[in-house]
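This report concerns only the one structure given below.
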Amino acid sequence: MYRESEDFVEGSYREQYKQPRYIIPEVLKNFLTYFQKSIHEQNIYEIQNAYENGFNKLTDRFFKNSPWPDSDSVSLVVNNAAESPVPLELPNQWLWDIIDEFIYQFQSFSQYRCKLSKKTDEEIEALQANPKVWNVHSVLNVLHSLVDKSNINNQLEVYTSGGDPNSVAGEFGRHSLYKMLGYFSLVGLLRLHSLLGDYYQALKVLENVDFNKKVARCKGRQFVIRVH
């Protein structure tokens with residue numbers, strides 16, 4: 001079981017984190033490598049423990065006011081490649097939470113960026129120097145990539161007509177992990193386009209969803225989309 005070590009000095013990490021290319025401390029390396037090992041072994045108990053305990057403790061202790069290391073830095077630790085599907089099953093609730101939080105973070109940052117009256121000159125300068133941070137096109141690209149990777153639109157179209165979705169699912173879409181991420185990404189796109197005021201496109205992304213059929217369950221309850 002993963003255990004957080006106590007030999008980490010918070011101040012030194014903050015100094016490292018200010019650098020464009022910093023060295024990830026051992027406490028984070030240990031967590032990331034153990035989490036990756038649990039995923040490869042499909043050890044659901046340890047995955048859940050790392051996610052709900054280790055991750056939250058590290059976040060509360062070291063990342064209350066700053067983000068975790070970026071994906072490029074993490075990839076150097078886990079040496080991860082996603083050229084083939086990961087044989088992993090995760091609760092639908094977790095997958096929905098990932099997409100839901102992703103949209104929430106975009107919305108929160110957009111609101112933060114627009115409120116200039118209370119910002120310092122340094123904050124405004126930082127925003128102007130980083131226009132691509134939480135750029136809407138990048139957010140759209142992530143969601144559409146998950147939709148495309150899963151072939152969820154083709155699956156829903158075939159499913160609605162009474163066919164076998166697996167016949168069009170493709171290599172990734174046959175796995176529940178990718179199928180549900182694709183499905184929830186459609187809901188994410190609905191929310192995102194609604195936030196942007198593009199209601200036609202918001203409804204357009206759900207054109208293959210049959211609201212009369214059950215698709216997913218979260219925490220034992222039916223996952224329901226309501227469009228008003």
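Please treat every number below as a calculation from the coordinates, not as lab data. Since this is a predicted model, take the numbers as computed values, not measurements. Using ideal geometry, Cβ is built from the backbone for each residue, glycine included, and neighbour counts are taken over all protein chains shown.
Things to note:
- Residue separation of ASN56 and ARG113 scaled by 0.36 nm, minus their Cα-Cα distance, works out to 17.9 nm of gained length.
- Extension gain, ILE98 to LYS132, is 10.1 nm, computed as 0.36 nm per intervening residue step minus the present C-alpha separation.
- When each of TYR45, TYR183, TYR112 is scored by the number of other beta-carbon atoms lying within 10 Å, the sequence from fewest to most is TYR45, TYR112, TYR183.
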